[in-house]
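Single-structure report; data block below.
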Amino acid sequence: MTDTSSSSRVSNASARLSSRNKVFKEKADRNVATYQQMETDRLIGETKIAKLRALRLAKEEADREAARLAEANGPIVVKKKKSAGQGE
């Protein structure tokens, strides 16, 4: 009887160990998938930020250029001379 019960205990221990290893492997696989998803989300966010930054910088540059052209092509302002009778 001792032989049968000891092999049963070994079998149960082996089954528990196998079950425990399976749980740990599943957890590790979930962690890997989670970290991969986090990395993908981070890259998507960085890409969006870079795109928006490039658009903002291009708009700012266009605005500066438009302001420069408006200043260069604007009407010439002539200051009037004060006559001797004015200003008193």
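Coordinate-derived values only; no laboratory data. Remember, it's a predicted structure, so these values are computed and weren't measured experimentally. With ideal geometry, Cβ positions are generated from the backbone for all residues, glycine too; neighbour counts draw on all protein chains shown.
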Could you identify which residue out of A13, A62, A50 has the top mean-square fluctuation in a GNM of the chain using Cα springs shorter than 10 Å? A13
Asserting the computed 222 nm helical MRE of the chain (DSSP H runs at least 4 long, -39500 (n - 2.57) per run, divided by residue count, to nearest 500) equals -31000 deg cm²/dmol
Please identify, among E71, E39, E61, the residue showing maximal mean-square fluctuation in a Gaussian network model of the chain using a 10 angstrom Cα cutoff. E71
If I take the Cα coordinates of the stretch 9-71 and project them onto the principal axes, what are the three extents in Å, biggest first? 92, 7, 5
Point-charge dipole on Cβ atoms (K/R +1, D/E -1) for the stretch 9-71, about Cα centre, debye to 20: 820 debye
Tell me the angle of helix 2-73 to the major Cα principal axis of the chain, expressed in degrees between 0 and 90 and rounded to the nearest ten. 10 degrees
